[in-house]
Amino acid sequence: MKDKNSKQNRMAVSPGTLYVVATPIGHRDDITLRALKILGRVDLIAAEDTRKTRRFLELHGIKGSFISYHEHNEKERTPQILTKLQNGASIALVSNAGTPTVSDPGYRLINSAAGNDVSIVPVPGASAAAAALSVAGLPTDAFTFAGFLPKKKGKRLNQLGALAKEPRTLIIYESPKRILLLLKEIISTMGNRYGVLAREMTKLHEEFIRGRLLEILEILEGRSEIKGECTLLISGCEAGNTVNWETVRSEIRNELESKNEPVSRLAQEISQKYGLSKNKVYQEALKIRKQMTEF
């Protein structure tokens, strides 16, 4: 029996193979048995943060050899790791959380390994996008994953404009520091759609905020601090549907509160966005402004 187990251990990983291993997005137990076996037996673990990965693996009784591999050194590290693979080393690629290369470092290494006929084996597991989508209550038969949007405002707004007509459920990653700005830009670009904000998934303070984007924005603005990486899911564009005037009114109110511009200009912008009569939007805006000044 001992010899049989020893043989199985040796066969658990193959020489010259790159294993792309998913790790937990929060709860430390959200890792597969296969992933733990592979991480415990490969020759080298290429990790986004070696200290974080080392601490995590120690919780599962695993010790290993590590090399850092992240967005700031992947250009120089890729050929080094590729050489080790070609020389017969078995290597596991892991990110800080979730599945490597999905909005995480790894693309350059995978692309290089594939181009050099290196064996690449996926070891699937946790993914923030899949976890959030599974509980959002939005259509799951087709979806568009946008990951982290560009940090530069111009590029980000261009991408949001391109996504505005997308009929599938949208999935976007964002940091807690920029989530308020992103919500405002999405509302301005796409309207007050239904959405779900997933925060701190699988962790102690896991939270799912559901509702119209303006409602989600108001909840977050009422907090002194927002913590945890955010996964935002947004309902797709429903072509041909009649305009919901409650949505339009909510957007008018939000624009009046946040911008100091003439009502006529605001009415023009919103009427063009929704394909409505400028005069009708203008009259609604005047009513709403009057209501706001009365309180």
(message) Step by step: first the residues of region 150-186, then only those that are surrounded by 15 or more Cβ atoms within 10 Å (Cβ to Cβ) and hydroxyl-bearing (Ser, Thr, Tyr), then the one that is nearest to Glu225 (Cα to Cα). Which residue is that?
(response) Tyr173
(request) Give just the number: which of (1) crowded, with 16+ Cβ neighbours inside 10 Å; (2) farther than 29 Å from Leu197 by Cβ does Ala129 not satisfy? (result) (2)
(message) If I ask for residues that are surrounded by 15 or more Cβ atoms within 10 Å (Cβ to Cβ), part of a helix (DSSP H, G or I) and not charged (D, E, K, R), which ones from region 54-69 would you list?
(response) Phe56, Leu57
(message) Being closer than 26 Å to His27 by Cβ and of a type in the set (A, V, I, L, M, F, W, C) is the filter here; which residues of region 66-90 pass it?
(response) Phe66
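Here is a yes/no grid of residues against (1) outside the structural domain of Lys259 (by TED's automatic domain parsing); (2) within 30 Å of Gly64 (Cβ to Cβ); (3) among the hydroxyl-bearing types (Ser, Thr, Tyr):
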position: Gly115; (1), (2), (3): yes, yes, no
position: Thr144; (1), (2), (3): yes, no, yes
position: Pro150; (1), (2), (3): yes, no, no
position: Pro167; (1), (2), (3): yes, no, no
position: Ile179; (1), (2), (3): yes, no, no
(message) Just to be sure before I move on: is Asn87 modelled with pLDDT of 95 or more and closer than 26 Å to Tyr173 by Cα in the structure I sent?
(response) no
(request) Identify, by number, the condition in (1) buried (at least 16 other Cβ atoms within 10 Å of the Cβ); (2) closer than 24 Å to Lys227 by Cβ that Met190 doesn't meet. (result) (2)
(request) Could you tell me which residue of region 251-274 is surrounded by the fewest Cβ atoms within 10 Å (Cβ to Cβ), considering only residues that are more than 31 Å from the chain's Cα centre (by Cα) and modelled with pLDDT under 85? (result) Asn260
(request) Would you mention how many residues in region 195-208 are surrounded by fewer than 18 Cβ atoms within 10 Å (Cβ to Cβ) and not in a loop (DSSP other than H, G, I, E, B)? (result) 2
(request) Could you run through region 14-35 and say how many residues are assigned to a helix (DSSP H, G or I) and either crowded, with 16+ Cβ neighbours inside 10 Å or in contact with a strand residue (DSSP E or B) (Cβ under 8 Å, 6 or more places away or on another chain) (or both)? (result) 2
(message) Could you check region 94-108 and list, in sequence order, the residues that are touching a Phe, Trp or Tyr at 6+ places or on another chain (Cβ under 7 Å) and either at negative phi or assigned by TED's automatic domain parsing to the domain that holds Tyr173 (or both)?
(response) Pro105
(request) For residues that are within 16 Å of the chain's Cα centre (by Cα) and of a type in the set (Lys, Arg), tally how many sit in region 114-167. (result) 2
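Residue by residue, here is whether (1) surrounded by fewer than 19 Cβ atoms within 10 Å (Cβ to Cβ); (2) at pLDDT 95 or above; (3) assigned to a strand (DSSP E or B); (4) out of contact with any Asp or Glu (no Cβ under 9 Å at 6 or more places or on another chain) holds:
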{"site": "Arg210", "(1), (2), (3), (4)": "yes, yes, yes, yes"}
{"site": "Ile219", "(1), (2), (3), (4)": "yes, yes, no, yes"}
{"site": "Leu232", "(1), (2), (3), (4)": "no, yes, yes, no"}
{"site": "Asn241", "(1), (2), (3), (4)": "yes, no, no, yes"}
(message) Here's a check for you: in region 138-148, which residue that is closer than 13 Å to Thr231 by Cβ and aliphatic (A, V, I, L, M) is surrounded by the fewest Cβ atoms within 10 Å (Cβ to Cβ)?
(response) Ala146
(message) Can you tell me which residue is nearest to the chain's Cα centre (by Cα) among those in region 10-47 that are aliphatic (A, V, I, L, M) and within 10 Å of Val94 (Cα to Cα)?
(response) Ala22
(message) Every residue in region 86-100 that is surrounded by fewer than 16 Cβ atoms within 10 Å (Cβ to Cβ) and polar (S, T, N, Q), please.
(response) Gln86, Asn87
(request) Scan region 78-89 and report the pairs whose first residue is assigned by TED's automatic domain parsing to the domain that holds Ser112 and whose second residue is in a loop (DSSP other than H, G, I, E, B) and of a type in the set (S, T, N, Q), with Cβ atoms within less than 9 Å and a gap of 6+ or a chain change. (result) Leu82/Asn116; Leu85/Asn116; Gln86/Asn116
(message) Looking only at region 138-155, count every residue that is of a type outside the set (Gly, Ala, Ser) and under 16 Å from Leu213 (Cβ atoms) and tell me the total.
(response) 2
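The values are calculated or read from the model by the stated rules, or taken from the named source; none is laboratory data. Nothing here was measured: the structure is a model prediction, and the numbers come from that model. Neighbour counts run over all protein chains shown; Cβ positions are idealised from the backbone, glycine included.
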